[in-house]
Structures are given as C-alpha cells and as structure tokens.
1. Could you tell me which numbered condition Thr50 fails, if it satisfies all but one of (1) touching an Asp or Glu at 6+ places or on another chain (Cβ under 7 Å); (2) at pLDDT 95 or above?
2. Would you pick out the residues in segment 350-374 that are on the phi < 0 side of the Ramachandran plot, assigned to a loop (DSSP other than H, G, I, E, B), out of contact with any His (no Cβ under 7 Å at 6 or more places or on another chain) and open to solvent by 10 Å² or more (accessible area, probe 1.4 Å)?
3. For segment 383-398, name all the residues that are open to solvent by less than 20 Å² (accessible area, probe 1.4 Å) and more than 20 Å from the chain's Cα centre (by Cα).
4. Mind listing just one residue for me: the one in segment 507-549 that is open to solvent by 10 Å² or more (accessible area, probe 1.4 Å) and of a type in the set (Ser, Thr, Tyr) and, of those, nearest to Pro736 (Cα to Cα)?
5. Please pick out the residue among Asp436, Asp455 that is open to solvent by 40 Å² or more (accessible area, probe 1.4 Å), within 30 Å of Ala766 (Cβ to Cβ) and touching a residue at least 12 places away in the same chain (Cβ under 8 Å).
6. Please name all residue pairs, on different chains or six or more residues apart, with Cβ atoms under 7 Å, provided the first residue is in segment 69-84 and is over 10 Å from Phe422 (Cβ atoms) and the second residue is at pLDDT 95 or above and polar (S, T, N, Q).
7. Would a scan of segment 636-658 turn up a residue that is crowded, with 23+ Cβ neighbours inside 10 Å, among the hydroxyl-bearing types (Ser, Thr, Tyr) and over 26 Å from the mean Cα position of the chain (by Cα)?
8. Across segment 811-840, what is the total count of residues that are open to solvent by 50 Å² or more (accessible area, probe 1.4 Å), outside any loop (DSSP other than H, G, I, E, B) and at pLDDT 80 or above?
Amino acid sequence: MKIDFLSGQRWAWMVVAGGLWASTVQARLDVPVAYPAAATEKTILYDRVTLEMSLKPFRSMEPKAVRAVCADLFRQWEPLIRRANGCAVMLWTADGSEILDYQGSLDGEIQAAQYVGIGNPTQKALQNGPQGKSLHECPWLYMENPPRVTYRSLKMIVATLKEVGREMTGKPVIVGATFDPGPEFAPSDFKYKRHPEIAMGDTMGSKQWVSCTARLKADTRPYAGFPKGIPENTAFGTFLGRQSQHFLKDLGFDYLWLSNGFGFLLNGWDVKGILFDGKHFDAARAGAAREEILSFWRDFRKECPDIPLETRGSNLSTGSDLASGASPLASIYHDGFKASPPPNSPWAALDGDYGLELVGWLSHIADLPPGDKFPFRFYTHDPWWLNSPWFDRYGREPHDLYLPLALARINGRAEVTPPTTFNVLTVDNSFGQMPDQCPLEVIPHVLTAMRDYSDEPGLMTWIYPFNENHKLVFGPDPRPAEPFFDDWFMRNAMNAGLPLNGVVSTENFLGSLARNGEFFRHTVLISPVPAAGSALETALLNCVKDGHQVLLYGPVNHGGNRLLDLLNLKTTTPLAGKLNLTSPLAGDAYRQGTLATTLNHREVLSAGGVDTVLAEPGRTGCVVGATVSDGQQERVYAVMANQPLGADSGRIAWVRGSFSCSIGNDRLPVPDNPGQFFPSELLLRWMLNGFGYDFYWDKSTPQTRNPLVLVARSDNGFYFSGYCPSTAVKLRLRFPQGAPLMTGCETLLEDGRATYYMPRAWHHEARCFVEGQTDGEISCTERHSGEVGIERRLQLNGLKNATVNFYPPAHAKGKKVTMMGTNMTVSAAHGEKLLPYEITDAGRCLTIRNVTGALLISW
C-alpha cells in the first residue's frame, strides 16, 4: 500500500510483530516529516488568575511557615496561572473591619476570620435553637489557639505572597484586600458596638448590614485617617475611603474588593427594595436614592482616588436592582469611579437558581466600564460556613463552570469578548486546609471550557436594554415594572431550559451590525419589544428583511406600528388575573400528572395586562402560538410571522410572557406550581420550533426541574453544555441542520429528533447533524488517526439513507476533508472509495446525502 505523504514522498507501511514500521520507497531519510497542523491552543486564557483565601492556612506567623503556605498555594494552581498574564491573591483577612479599625500602628491586633460560622451572632440568635450547633447562632474557632494576627504580620504575609509568587510563577503577583458589609466573616466591634448606626440593613438580621449611604456618629478614638477621631455626621464613604488609602498603602495591598452588593444598592440580596414593596412600584424616590448611592462613590474616590476597586455586585440582575433598589449601575460603570464590573453570583451553588446566576451576569456584562474587561468567579471552598461547594454542593460536577463559560458577551465591534479574570472562591476550606484534590479536578474543566469558548454568537443572543432600563427608572417617563418583568421573565425562561447563551447591549448590537451585517446571521436575536421609532426597532425590522431570526417578548403598548403590523397585532383592552391558556405548540411530555392550562397573569409584576389581538385574522404566514381567555374575551399571547417581508426575509415571533412567580416573605420570587398555573416562560422555548429548533423535555412530572442546555459556537463547531437536576429527564433535540450528534454519545432518533439521557453535568462537541432519517440508534465516536497528515476522525454508525451535515473546524478549511463509508482508518490512496459531498451553509458546512451504515469523516 502507498499513500501520499504531505512532503510528497512515497512511504510504505508494514505491520511487523504488532508494531508499525516505515520504509521509504525513495531513500529520503533526510526529509523532515510534515506533521498535521492541529488547532492552535490558546496558551493565554486570562489576563489574571485571582486566588481568594482567608488567613486560616497560616497557622503560624513565623516567616518560614508563611513562606511554605505561599509556596503550596502557587504550586497547586500553577497549571492555571501558567495560562494567565498575571496572578492576584485576594485576602479575606477579616470582614473589612481591619480597615475601619486601623490606627496607623502595625503592632495593633486584628480580629481575624478565625471562626467557622457567624462572626457576629445576634443576642436573639444566641438565645434560640440548639446552642453550639447551628453555625448561624454560634461561631466555632477553626483550630485551638489560632495565631495572633497583627497588622505587621499581615504586611509580612502580603509581601511574602508577592515574593514567592513571582519566584514560582515568573509572573507579576498583586494582593487585594476585602470589605464586606455583613456580620458573617469575623467579629467586628466597629460595626456592631462602636458604630451600630452604620448597620442600617436587615439582611441576616435586624440592623446587621452596613449601608454605603450611612453617616457616622462622633468618635474620639484615633484612626489612621482621622487621628483626632471621627467628626459627627461623617459620610461612611469618606471614612472608608480615607482609611483604605492609609491601610492599603501601609500594608502593601494593590486593590480593594467591595463585597456582597456594597456600593450598588442598600440591599443586594432581596427582590424588594426602596422602590418596590413586593406589590407596587414607586419610582418617585428613584432619583434621590440614585444620588445617595453615587455620593458614596464620590466620597470614597475623593479620599482614595487611585487604588483599583473590584466589586461583587448583587445576586440579582440589572433590571431588578434598578426597579426595586434604584441601583445606578451605568453611572458606577461610566462616571470615572475606576471600579470593575461584578462577576457571576456564587448563589446558584447554594439554591440551584442557575437561571438567576446566568441572567444576572449577562445583564451586568452587556455593558462594561472602559476597557471591556470582566471577571468570572468559581466557588470551590467556603472558609466560613463549613461547606466546600466543589465537593458537597456541586458534587464534583462542573456545570457551574461549563454553563457560565458557554455565555458569549459581544462588544460593539462584532467580537465576542471572554472573561479576562478567573477568580477562585476560595483556595482554602473552613478549617484552613487546601486539599490538592480540588485544583487537580477543577483546572482541567476550566481549561476545556476556555478551549471551547465562543468565538461567534451562539444559538440565541439577548439584546439587553442596559441604558434603556436606566431611563425607565430614572427618566421623565418612569416605568420600572418593565425592566423588572423583563429580567425575571428571562430568569424563569432560562430555568425552564431556554438555550440563551449570548448578550449584547443595544448600542453594541447596533455598532456590531453596522460593522458586520452578517455577524448575527446564525443566531436567534431575542429582545424586549423595542420602543416605537427607536434605532433598535429600525435595526430589527431590517434584520428580519435581510433574513435574520428575531424573537420578541413583553408588552407591546410602546412598540411601533410597523413592528405591530409585521406581527399582525393590534392592542385593545387588557386582560389579567387567572386566564385560560390554549396553545397548539408541541412541547414537553410528562410521565405522570398534567401541566396546568390556567395562567396567572399578575398585571403589576408583568408590566401590564394582555392587550393584543390579531389585526388581520387569517393572514398568510401568521401562526398564533398561544391565546388566553377570561371566558368571555380572548387575547393573542404568542405569534409567529413566517417570512413576512418576502421569500428572502427571516422570521419574527413574539411572546407576551407573565411573571409566573409569587412574591411573599422570601428574598426571591417563588415560581408557580406548574400543576396549578401554567409557566408562561415555557412558550419561549417551544416557540423556537418556528425557527427550526426543537428543545423538548420528557419529564416525570410537570414539577420535575428542567434541564439547562446552552449551545456555544466555537471553531465552527457546536458546543453543548448542560445541567440536569434530574437525570431521568429525556432531551429531544433538533436543529435546522438536523438532529445533533454529540461526539462520544449514542442517540435514539424519534421523529427526526435526537434523544439523550444526560448526566448531572455535561459538555459535548457536536459537528455532525443528521436529517432525513426519523428513527434508529446513531452514534458519533472519535477514532484514532493512525496516519500522518490526519488530525482527527469521527465515525458515525447506524445511518439509514441519511443526510449528514458536518461542520469542520475553521483551521481545517484549507485541508482535504474525506468521507468514506467504511470502518477502516485508511485513506483513498489505499483503494477505498471517497464519497462525494457538497459545500453548504455559505461554506461553513459539508453535506453528504443518502448514507447508509457507517460514515468515517477524516481531516
């Protein structure tokens, strides 16, 4: 047998004693072997890796012992640090009271975070429950006789981290300090004894949460920034800023982290706030609240002008924080405060609300401060509350890595911008241990997720009205219910399985579209209904005309006539309350129980009633996806317009949506029981069928939690990332290209859809799609190369007169992709017959038709 080697030489391969030997036909041993060019590996993934830690691992303050802990830290995380330009260590020394208490002397003692459980228990908590057992009632020392921590020893730790880090990694190492407004992390005499007036918030108990807008009472005690004491009515921003300037400079810190929503709003953990009591919105106080919050930033920056600030932000979304708490995120980003945007919230590890984590993060990064940089944070250990999420909350499953790292944030230059910082919260557990098992298991998933990170818009891209939402709260015509509803509806939709994985602000969408009109060609654009006459409305109408796919949601009463006409809608008197919903859409299946058909449309929380009917009943191409009725009147609730602007135009759809949750005494909205009230957010996913996508679930009951499935695009492939709270749920998937065949999996086709039972967390590539075949088991497996010049092979089995659409890696476009109906890993020069294929999808896809049996794809 002979093959054409890349150098042009002829080689014969002989199998001898179970091994492969090569001999030349032409004696050219001096000719170098030309190995195949693999995909370029991303050697630098992040600008910086940030390792967060408490002081608990430093069980001795002897310099030699401190140095040993630092060396262990950088050794453990070196494989990740190697792929960053620099490294930071963020120290959870206490709760920030070490900054408030600092008097300028390095010999002063710090009340460090040396406890497991609540740092500042209330008297009521101490009196209730099983004392000494509940960590929320009684703190426990993490070790007997923990070391005494002084400002001098802390300064030594900071210097040693920088020195050892530089020696071991060869990269610059910076160290950050932290400030937290709550009672959790360490005892604080300043917050709860000397100055309880600053603890104005009720998170974690009455008068337990420091407000950024607080003012201090007079205090004769000397502080580093106030050597003669604190004057009466001193703004907390002024005090914290001046103390930070002294503390950070004196001890060698490089930046400050503001934790748990501090500086963003008065309460970062609650759906209710100063503008929203759970039932009604009152925007009259929005302007004054905004100025109060911004006064903190101005006061702080006047005293501490140059130290970089990093932020935790709230656990909720931009729209929710605006509507309930008047959080002026746009001003924090753009008014010169030099603060980084928040990372994703770690709360999903605690409550499983991944929809809120993902939607909240998307809403925070749609727009960014100057520089377009943003962090990602992963919850590995907790140094306070006796849990290590990687082990005991995630169960060593990587879904909270793969899901958020499947998101694609798009700037105004038609580019996907990945996170620039990776934060590890934290490297140590509640007893100060740093087990090697954690980085050994976590780092490979981080590297895989970043290797497969999006380089173009994914399946769905959210056009997020970042600036518009601020105007709807602070502008002359306030409508805070709209941003509130928009964000919570999307949170519910993602928890219901909507495959949303991209975000772009309105301004960045318009900029990207002007730069590259094809950039959004292969994504479904999803947006609240744009305002009449807006630039976004015009752009979306043009997108539909040019063949793009658009899915709108929310009230239409501020939409334009052209858009309403396109959707074949007009408005009339609204309906609200308990309505009967009827829909012809295919959807999920349930082994037991039935999905409710009664919809509870809460008018205030849903930004108005349902007020739409068809403008022209019977119009060709208009398909009603759902209607609601109060028994006397009917309203259109969802509609799809197929190619409304001609044969070359795209599709546009709309779903009204409802706030399908109740708000009571819980901090977050509680979703309706789907056996009692229909979850309106399901319709967004089911309406994707009109765009050629089927994402359906077969579940045990309507109450069974939905899987989350995101689809990112990278290197011309499709990368599925999923989380299945119930592994008994069956996924039924179909794309316009056909049923997706995930590499390394088998699927049983049902009605042309690929079906899968997936594990709790999963991440799979798909480059092959099958259409034309409606049933049978098909597999897509990796095969070894076995041939110089071949990088990869995929083998499909179980095909029956099928059409296969294959999406090769982008770097393989200049190579010859071969397809053969054989199980042998041999090339055409061996006498095997190549099968012909077509180039489709504007050069992105290779299509082969009428294939039966096996198909081997090589490149």
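1. Here Thr50 meets the rest and fails (1).
2. Those that are on the phi < 0 side of the Ramachandran plot, assigned to a loop (DSSP other than H, G, I, E, B), out of contact with any His (no Cβ under 7 Å at 6 or more places or on another chain) and open to solvent by 10 Å² or more (accessible area, probe 1.4 Å): Asp353, Asp367, Pro370, Lys373.
3. The initial filter retains those residues of segment 383-398 that are open to solvent by less than 20 Å² (accessible area, probe 1.4 Å), namely 383-384, 387-390, 394, 398.
Within segment 383-398, Pro383, Trp384, Asn387, Ser388 meet the criteria.
4. Thr538
5. Values: Asp436 fails: within 30 Å of Ala766 (Cβ to Cβ).
Exactly one residue qualifies, and that residue is Asp455.
6. Cys70/Thr160; Phe74/Thr169; Glu78/Thr169
7. Yes, the conditions are met somewhere in segment 636-658.
8. 3
The values are calculated or read from the model by the stated rules, or taken from the named source; none is laboratory data. Every value quoted in this text rests on a predicted model; they were computed, and no experiment measured them. As a convention, Cβ positions derive from the backbone with ideal geometry for all residues, glycine included, and neighbour counts pool all protein chains shown. The protein model used for the area step is the full one, side chains on, heavy atoms only, and it has no ligands, DNA or RNA in it. Shrake-Rupley method; radii C 1.70, N 1.55, O 1.52, S 1.80 Å.
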